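Single-structure report; data block below.
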Amino acid sequence: MTPIILLDTLLAIILLVLAVVALHSENLRQSIFVFIVFGLVTALVWARLGAPDVALAEAAIGSGIAGALLLAALRDRQPGCEHIEPRPSWQVLTVTYLVIGVGLTASWAFLDAQASRSGPAIGEMVQAELAHSGVSNPVTAVLLNFRAYDTLLELAVLFAALIGVMALGPERSAPQAAGPLVSHFVAWLTPLLILAAGYLLWVGAHAPGGAFQAGALLAAGGIIVRLSGKSGIFPKGAWLRVLAASGYGVFLFVGLAVMAGDNAFLQYPSDWAGSLILLIEIFATLSIAASLLLVYLGGYPNAWMEDKESQHA
Amino acid sequence: MLDASTLYGLLGIFLASLGLHATILQRDILRRILAINILGVGVFLVFIATAYNGPGVAPDAVPHALVLTGIVVAVAATALALALQRRLEMLRRESDDE
């Protein structure tokens with residue numbers, strides 16, 4: 001039993017207020033900004049609950065990239081489509097009571113599960129097997145060794161979403177070139193982000209960090225460069241596509257390759273586990289960065305079409 | 001006596017309920033996508049709260065890994081939903097022009 005400290009109460013109140021404002025503010029722009037702040041405060045809660053890996057991912061992806069996506073979607077909007085008549089009160093009441101019912105049932109189930117839980121059984125298994133996993137950060141061990149299936153399919157989901165986004169139309173128009181002050185700032189910031197991403201990728205083997213956080217930081221760097229109007233430095237055409245597919249591809253290849261030596265799918269040999277995990281993580285980082293950057297563009301890049309036309313000509 | 005794990009778990013359920021409520025009742029698609037994201041954070045909070053074993057004790061790494069996966073899947077789903085919304089608006093504009 002851990003007693004609640006003042007910090008917990010404050011964080012809980014702040015999160016509730018931010019959630020209500022984000023959900024019900026009149027102004028959509030305000031909602032999105034409050035949602036970004038909500039994500040950052042959530043990252044504090046993850047840190048408080050001893051989950052620094054999740055805190056890093058939440059700050060970079062849940063708050064940063066999701067916020068950037070929502071703001072870009074807001075910018076696409078034509079004015080004048082936001083006047084929607086309110087719902088009739090019977091609908092509001094019915095849904096409210098139903099949701100209260102669902103919430104109370106879930107709370108009862110949660111309290112019951114808390115009261116009857118008998119120690120962290122799976123967590124102990126992870127700690128016991130950690131020495132064989134090839135890494136010493138338990139979260140990375142679960143993600144890339146014990147439950148590698150989940151992570152493989154997660155990369156597949158990201159790739160599928162990317163194909164979906166690119167099937168829906170061309171990218172949104174690029175922003176104008178930024179002024180000298182912003183350009184200079186971006187020129188300083190981007191190398192730092194790349195450096196920080198490399199650090200997070202490497203340190204993920206034994207401390208909080210890993211492919212997701214590193215990939216999100218790289219993608220954030222890409223989005224900042226894009227917003228400053230200098231997207232000419234990105235890899236063009238097929239390269240970005242190959243990069244986006246490489247995370248899933250390399251993971252699948254390694255999973256199949258280890259079967260050559262009498263292992264099950266994705267069951268790495270103990271001696272090789274560390275190197276294989278690093279190999280998978282390097283490509284996962286690049287692929288996550290490329291995928292998140294491509295979905296931020298909002299469709300297939302126009303440069304690809306120019307490529308094709310120049311080939312035909 | 002309420003401990004930290006229970007407090008955050010219940011907070012997570014409450015946030016998820018708020019998000020679910022807004023997801024159903026909002027009419028604007030962007031607002032709905034935002035509400036689903038808040039619903040997701042509520043669910044993640046329940047997971048991480050159950051993984052917490054008190055200060056100084058190693059938390060359960062499995063829910064942490066699940067939530068990390070969940071965050072990336074959530075952002076992928078958000079991106080796809082926003083692209084669909086953009087396409088929908090483009091089609092609506094085209095049919096208005098005709």
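What the table below lists for this structure:
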item	result
Some residue of the range A:173-191 being under 30 Å from residue B:9 (Cβ atoms) and modelled with pLDDT of 90 or more	no
Some residue of the range A:69-82 being in contact with a Ser or Thr (Cβ under 8 Å, 6 or more places away or on another chain), over 20 Å from residue B:86 (Cβ atoms) and surrounded by 14 or more Cβ atoms within 10 Å (Cβ to Cβ)	no
Unmet requirement for residue B:55, which otherwise passes all of (1) touching a Phe, Trp or Tyr at 6+ places or on another chain (Cβ under 6 Å); (2) facing another protein chain (nearest Cβ under 7 Å); (3) closer than 14 Å to residue A:52 by Cα	(1)
Qualifying position, being crowded, with 23+ Cβ neighbours inside 10 Å, closer than 30 Å to residue A:202 by Cβ and over 14 Å from the mean Cα position of the chain (by Cα), among A:45, A:41, A:54	A:45
Residue satisfying condition, being in contact with a Leu (Cβ under 8 Å, 6 or more places away or on another chain), touching a residue at least 12 places away in the same chain (Cβ under 8 Å), at the interface with chain A (Cβ under 7 Å from one of its Cβ atoms) and under 19 Å from residue A:73 (Cβ atoms), within set B:83, B:35	B:35
Filter result for the condition that a residue is under 21 Å from residue A:243 (Cβ atoms), in the same structural domain as residue A:264 (by TED's automatic domain parsing) and exposed (fewer than 13 other Cβ atoms within 10 Å of the Cβ), over A:191, A:170	A:191
Top-ranked residue of the range A:27-37 - restricted to ones that are without any contact (Cβ under 8 Å) to a residue 40 or more places away in the chain and within 7 Å of chain B (Cβ to nearest Cβ), ranked as farthest from the chain's Cα centre (by Cα)	A:31
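Condition check ((1) crowded, with 19+ Cβ neighbours inside 10 Å; (2) under 26 Å from residue A:217 (Cα atoms); (3) of a type in the set (D, E, K, R); (4) touching a Leu at 6+ places or on another chain (Cβ under 9 Å)) across all residues:
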position: A:238; (1), (2), (3), (4): no, yes, no, no
position: A:242; (1), (2), (3), (4): no, yes, no, no
position: A:250; (1), (2), (3), (4): yes, yes, no, yes
position: A:261; (1), (2), (3), (4): no, no, no, no
position: A:265; (1), (2), (3), (4): no, no, no, yes
position: A:271; (1), (2), (3), (4): no, no, yes, no
position: A:281; (1), (2), (3), (4): yes, yes, yes, yes
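The values are calculated or read from the model by the stated rules, or taken from the named source; none is laboratory data. Everything numeric in this text was worked out from a predicted model, so none of it was measured. So basically every Cβ, Gly included, is an ideal-geometry build from the backbone, and we count neighbours across all protein chains shown.
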